[in-house]
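The values are calculated or read from the model by the stated rules, or taken from the named source; none is laboratory data. Treat the numbers as computed from the prediction; the structure is a model and nothing was measured. Because the Cβ atoms are built from the backbone with ideal geometry, glycine has one as well, and the counts that use them run over all protein chains shown. Note: accessible area is taken over every heavy atom of the protein model, side chains too, but ligands, DNA and RNA are not part of it. Shrake-Rupley method; radii C 1.70, N 1.55, O 1.52, S 1.80 Å.
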2 protein chains.
Amino acid sequence: MDERLERLGEREVIRRLTALPGGEAGGMRTGPGDDCAVVESPGRAEDWLLTSDPVIEGVHFLPGTEAERIGHKLVGRLFSDIAAMGGEPLWVLIDVAAPGETQFGVLEGIYRAAGDLAEKYGAGIVGGDTSAGERLALHGFAVGRVPAGTALTRAGARAGDRIYVTGELGGSLQSGRHLDFEPRIAEGIWLRSEGWASSAIDISDGLAGDLAHILESSGVGAVLDAAAVPVSAVVSEGRGNLERCADGLLPLEHALFDGEDFELLFTVHPERERFFISAWQNVFDLRCTCIGYLTKKARVIEYVDEVGRALNIRGESHEHFRKGRARTG
Amino acid sequence: MDERLERLGEREVIRRLTALPGGEAGGMRTGPGDDCAVVESPGRAEDWLLTSDPVIEGVHFLPGTEAERIGHKLVGRLFSDIAAMGGEPLWVLIDVAAPGETQFGVLEGIYRAAGDLAEKYGAGIVGGDTSAGERLALHGFAVGRVPAGTALTRAGARAGDRIYVTGELGGSLQSGRHLDFEPRIAEGIWLRSEGWASSAIDISDGLAGDLAHILESSGVGAVLDAAAVPVSAVVSEGRGNLERCADGLLPLEHALFDGEDFELLFTVHPERERFFISAWQNVFDLRCTCIGYLTKKARVIEYVDEVGRALNIRGESHEHFRKGRARTG
C-alpha cells in the first residue's frame, strides 16, 4: 500500500500519529493536537504547557537569512503556541544541527536573539544539544504554565460565540513578518485570566486552516464576514478584500491561506461580546477584529459579503509533505 | 576570522554557547552543560529535569535502519539523560522531519517504539510537530522529575571518590547496541534516592570524554585502572584490555572512545564504597564495576596497569562538526 507522506498530507499524518498509543501519560489534560500539551501535577496549583517547533533552512527560512531573525523566529514560534493557551513561558531548550563549515557567529547570533526574546518574557534558554547536519536546522522546546485547569484550548468554543483575530493577516513571507513577529503572550494571558476566550489558537497554517482546527475540536461551524477580515497592507495595497490583486488572488485569500501570521484567533461568548472590545482597547493598542460567529454546522466554514450574500471561496492551507504550494523555500 | 564549527569542534562550540546570556531563567539550578537542565518551582517538593536529543539519519542511524529501533533510540537517549540525573521520566515530545516520499509506516514504527519505551517507564508521548525535510530527522524533548535539590549532577565528585560504570563498554555501533540499549532509569533513581552517587553522567561520547566532563565540572582528576574497565565481548573477543585487536586498537581504547554506550558513569564516596557493591548486587543483576578513583589533579586522567604502572593512552572522543573520525554514517 502506497502511503507516502506526500500523498497523505500533514494533517492526515498528524491525525494518525496522535491516534497511536503513546504510553501512559499520567496527568495529561490535553495531548497531541493542540498548540501545546497540557500536563498537570498532582496537588499543584499550576498546569504545565509543553510545546516543540522546528525552524529549518529552506523550509522556515531562506538560506542567507540573518542569524538573529532565525533565532527570534524559533523562540517566537514556541511562545506563540504558549500564548494561544494563555500561558506564561518559563524555559526553552534549543537543539541545533549545522554543517561543519558554518561560522560560529551564525550560531551565536541565533542564540543571542533567542535569549533576548526569552528574556523579554521572563523566560530563559536552559539547555539543548548540538550536532552536525547537512543544513541549518533548529528545534526548540518550551515549557510554560497556567493556573490548573485554565489553559485555553481549541475545544471550548460554542455555537453563537463571536470569532476574533489579532493584528493583520496575509503576506507574512513577502513582508518578512514571519521572521520578526511578536508572540502574543500578554494578550493570551489576558484573554485567559480575565475569562474572555472560550477557545484560542495561533495562526500558523493560515486563518482558514487554523479556524478549521477550532471547528473540528469544538464540533461547530463558522460564518466569516469576508469584508471584516483584517488583511495586511502589504497584500491589500488599499484594495477591498474581494478586489483581485496583481497575482490573481483576493486579499481575503491571502489572509485565509498564506499562513505564518502568528496572530491569535479566538472566540468570545456572545453575552460577554458587548463588553469585549472596549475592555481590549483599554489594555492593548494591538488591532483586534470581530470576523464572524460560530454555528452548529460542524466543520463548515461559510463566507458572506457585507450584505450577507454567500461567497464561494476555495483554497488550501499550507501542509507539510504535500507537493505543490511552497511556503518559504 | 575563520571560526567554522569544524575547526572549533563540538566541545568548544558548546562551551561558547553556554557562556552566552540566555535570558533570565527563574529557578534554574543547573543550566546548559549537564545531562539535563534542572529547574525548580517555588514552594514545590520536586525539581524538573529538561532534556533534548536529536536522532538523525546518517548521523545517529544508517539509512535503512528499522523504524522501531530509531524510535527506541530517540526515547532511550532522552531517558538515559534523565537516568544520569537520578530522575523519573514523565513526558516526551517528538518533532519529526521527513522527506515526502517516506512511507507512513516508518513514522508509525518510530512512534510505536517510542511510545512503548515511554510506557515501560510510566511516561508518555504527549505532543510534537511534523515537517518536511530532506532526510529523516527526529528531535525529542523530555521532562522528568526528582525530589527538590537531589538531582545527580556532574559537579558533586570529590578527590578520593571511587569511579563506577554500569554494563560493558565499546563496540556499540558494531553490535547495534547503540539502537537497542536500555536506559538505566531504575539504577539512576536508586543511586540518587539511596544517596550512593556523588556525581553521575551517561556515557554518550565515550568513557574518556564523559569522565572528562565530571572532572571538569567537579574540579578533580582521575586514575583509571586499565585492566578493570569492562569491555564488551564484541570488541575484546576474549582479549585482555591491553592486547591489540585486529583493527590495531586496544579493547581499552574502544571502551574509552567508541561512545554511544548509554551506560551510567558515577562516583561513590570512599566511606560508602565498602558497602556499595553488595548493596547494588542485592538490587540489580546488571554488571557494575569499580574502574578507578578521583584525584586532586584537576582534569588529568592517568591510566595504570594491574601493577600500577603508568600507561600512555591517547585518543579522541567523538565530536560533532569535526572532520575525521566518523560515528555511525
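Points to keep in mind about this one:
- The 3J(HN,Hα) values that the Karplus relation (6.51, -1.76, 1.60; θ = phi - 60°) gives for region A:82-89 are, in residue order, 5, 4, 5, 9, x, x, 10, x Hz. Gly and Pro appear as x.
- Sulfur and carbon atoms: percent of accessible area, the protein assembly as shown [1.4 Å]: 47 percent
- Surface exposure of region B:5-147, expressed per residue as accessible area with a 1.4 Å probe, stands at 30 Å².
- Among residues other than A:Cys245 with Cβ under 11 Å from its Cβ, the summed charge is -2 (Lys and Arg +1, Asp and Glu -1).
- Given their separation in residues at 0.36 nm each and the Cα-Cα distance between them, B:Ser193 and B:Val300 gain 35.5 nm when the chain is fully extended.
- Placing a label point 7 Å from Cα along the Cα-to-Cβ axis, B:Glu306 is separated from the same position in the other copies by 9.6 nm, shortest listed first.
- Relative to the other identical copies, A:Gly176 shows label-point distances of 5.2 nm, where the label point lies 7 Å from Cα along the Cβ direction and values run shortest first.
- Residue-wise HN-Hα couplings along region B:129-134, as the Karplus relation 6.51 cos²θ - 1.76 cosθ + 1.60 with θ = phi - 60° gives them from phi, are 8, 10, 8, 6, x, 6 Hz; Gly and Pro carry x.
- Two-site FRET efficiency, A:Glu3 against B:Ala279, from Cβ-Cβ distance with R₀ of 60 Å, rounded to 0.05: 0.70
- Amide H contacts of A:Phe61 (H built 1.01 Å from N, in plane; Pro and chain starts excluded): A:Ile56 sit under 5 Å, all sequence-distant by 5 or more or on other chains.
- Sum of -39500 (n - 2.57) over DSSP H runs of 4+, divided by residues of chain B (222 nm, nearest 500): -9000 deg cm²/dmol
- When both region A:217-274 and region B:86-113 are represented by their alpha-carbon centers, they are found 34 Å apart.
- Whole-Hz Karplus values for region A:274-291 come out as 5, 9, 5, 5, 5, 4, 4, 5, 5, 10, 10, 7, 4, 4, 9, 10, 7, 10 Hz, taken residue by residue from phi with 6.51 cos²θ - 1.76 cosθ + 1.60 and θ = phi - 60°; glycine and proline positions read x.
- Residues whose amide H falls under 5 Å from that of B:Ala227, counting only those 5 or more places apart or on a different chain, are B:Glu306, with hydrogens built in the peptide plane.
- When all protein chains stay in place and ligands, DNA and RNA are ignored, the 1.4 Å accessible-area order of B:Cys290, A:Cys36, largest first, is B:Cys290, A:Cys36.
- In the A-B interface, the accessible area buried, summed over both sides, Å² (probe 1.4 Å): 6000 Å²
- The calculated FRET efficiency for the pair B:Asp247 and B:Asp116, based on their C-beta separation and a Förster distance of 56 Å, comes to about 0.95.
- Under 5 Å from the amide H of A:Leu136 lie the amide H atoms of A:Glu57, each residue being 5 or more positions distant or on a separate chain, with H modelled from the backbone and absent for Pro and chain starts.
- Within a Gaussian network of chain A (alpha carbon springs, distance under 10 Å), most fluctuating of A:Leu265, A:Leu224, A:Leu136: A:Leu136
- Under 27 Å between alpha carbons - lysine pairs in the protein assembly as shown that sit 8 or more apart or on different chains: 4
- Distances between equivalent label points of B:Met1 across the copies, with each point positioned 7 Å along Cα→Cβ, amount to 5.7 nm, shortest listed first.
- Region B:162-311, accessible area per residue, ligands and nucleic acids excluded (1.4 Å, Å²): 40 Å²
- Among A:305-316, B:77-88, the peptide with the highest mean count of other Cβ atoms within 10 Å heads the list, and the full ranking is B:77-88, A:305-316.
- The packing ranking, built from the mean of other Cβ atoms within 10 Å per residue, places the peptides A:192-203, A:253-264, B:274-285 in the order A:253-264, A:192-203, B:274-285, highest first.
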